[in-house]
Amino acid sequence: MVNYLNSHKELRIVTLEKPIEFIYTNQKSIVQQREVGKDTPSFKEGLEDCLEASLDVVAVSQIESKIEAEKILELAQQGYLVLVLAGANSALDVILKILSLFDGEEQARTRIILSQVLRAIICQKLIVNKQGGYTMLPEILINNDAVRLSIVDNKLNQINNILNTSVSQGMISFKQALEQSVKQGIITRSKAAEYLEKNEALESISA
């Protein structure tokens, strides 16, 4: 996503990474890559520096603490586009992970802020395909009115249902992505079934 913005938009982009894995060459954008522990002491201080700078995009390679989450949400509230890499199994897990960093009244306030600044969550999983290689399957959650209300009202159990019923809005659940790949002959039905949750089942499709 950073590379796409770099090649298509005139932006000022800063990345905070630990470690730096990919080197970006300036194209239409100016990209400054900062390695935590080398170019900035910590993610917290790097994010604080970004709050005081004239930037368009901040890309962060982790969100592991309450203070990091607070700074990231603050950046988003101020109008920055913030791209965050988070280890999670699903779009819902990303939301739960962020909220788990807060307690009590703080969590209720964070739900309101998150519902306002969240744009989308994209999860990616590598699945073994019929050729023995790997195919990347996405789960895409877009923050529409239904998602926003689910977050504010703490009815997060509704998120997966919204995912499964909002294909026309550009969303897709991991289960739907699996089913599409089986229909297209990319993944076997038995292999797809291995990646489903215990209470899920593939639709009646052949492969």
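The values are calculated or read from the model by the stated rules, or taken from the named source; none is laboratory data. Here the structure is a predicted model, which is why all the values come from computation and not from measurement. Cβ sites come from the backbone with ideal geometry, for glycine too, and all protein chains shown count toward neighbours. Remember, those area values only see protein heavy atoms, side chains included, never the ligands or the DNA or RNA. Shrake-Rupley method; radii C 1.70, N 1.55, O 1.52, S 1.80 Å.
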inquiry  = Out of I72, I67, I need the residue that is free of Cβ contacts under 8 Å to residues at least 40 places away in the same chain, assigned to a helix (DSSP H, G or I) and within 21 Å of L5 (Cα to Cα). Which one?
reply    = I72
query = Taking the stated definitions as given, is T165 surrounded by 13 or more Cβ atoms within 10 Å (Cβ to Cβ) and either at pLDDT below 95 or out of contact with any His (no Cβ under 6 Å at 6 or more places or on another chain) (or both)?
reply = no
task = Go through (1) touching a strand residue (DSSP E or B) at 6+ places or on another chain (Cβ under 6 Å); (2) not in a helix (DSSP H, G or I) and name the single condition N6 misses.
result = (2)
task = Looking only at the range 70-80, decide whether some residue is over 21 Å from L101 (Cα atoms), among the small types (G, A, S) and either surrounded by fewer than 19 Cβ atoms within 10 Å (Cβ to Cβ) or modelled with pLDDT of 95 or more (or both).
result = yes
Unique residue being closer than 27 Å to M1 by Cβ and either open to solvent by less than 30 Å² (accessible area, probe 1.4 Å) or more than 21 Å from the chain's Cα centre (by Cα) (or both) when the list is I112, I151, I122, I142 = I151
Filter result (open to solvent by 20 Å² or more (accessible area, probe 1.4 Å), assigned to a loop (DSSP other than H, G, I, E, B) and not polar (S, T, N, Q)) within the range 42-64 = E52, A53, L55, D56, E64
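Yes/no matrix, rows are residues, columns are (1) closer than 17 Å to S90 by Cβ; (2) touching a strand residue (DSSP E or B) at 6+ places or on another chain (Cβ under 6 Å); (3) basic (K, R):
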| position | (1), (2), (3) |
| --- | --- |
| E139 | yes, yes, no |
| I142 | yes, yes, no |
| D145 | no, no, no |
| V152 | no, no, no |
| L156 | yes, no, no |
| V167 | yes, no, no |
| Q176 | yes, no, no |
